[in-house]
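Structure first, commentary second.
The numbers here are math on the coordinates, done by the rules we state, and not lab data. As the structure is a prediction and not an experimental result, all values here were calculated from the model. Every residue, glycine as well, gets a Cβ built from its backbone with ideal geometry; the counts of neighbours run over all protein chains shown.
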């Protein structure tokens, strides 16, 4: 995904100890519900900016992920 979206910030699934500053000033927060942990999800939601929109991705295939992201914007 980093090759396709080089200017985006990615946090690997299951990484619960990430710098919450990565979430600041973002328009969207995409959460992959297939491979994410509850604790990581709650930490991200609690630390996102008030106006950051959350979008959920329910697939792992890169092309399907990009398709779902594009359609959710």
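A few remarks follow.
- Members of the stretch 46-73 found to be part of a helix (DSSP H, G or I) and touching a strand residue (DSSP E or B) at 6+ places or on another chain (Cβ under 7 Å), listed by number: 65, 68, 69, 72
- Any hit, the stretch 4-18, residues being surrounded by 12 or more Cβ atoms within 10 Å (Cβ to Cβ) and in a helix (DSSP H, G or I): no
- Looking across the stretch 40-55, the residues that are surrounded by 12 or more Cβ atoms within 10 Å (Cβ to Cβ) and over 11 Å from residue 28 (Cβ atoms) come down to 40, 41, 43, 44, 45, 47.
- Test result for residue 3, touching a strand residue (DSSP E or B) at 6+ places or on another chain (Cβ under 6 Å) and without any contact (Cβ under 8 Å) to a residue 24 or more places away in the chain: no
- Test: residue in the stretch 24-42 that is assigned to a helix (DSSP H, G or I) and touching a helix residue (DSSP H, G or I) at 6+ places or on another chain (Cβ under 9 Å): no
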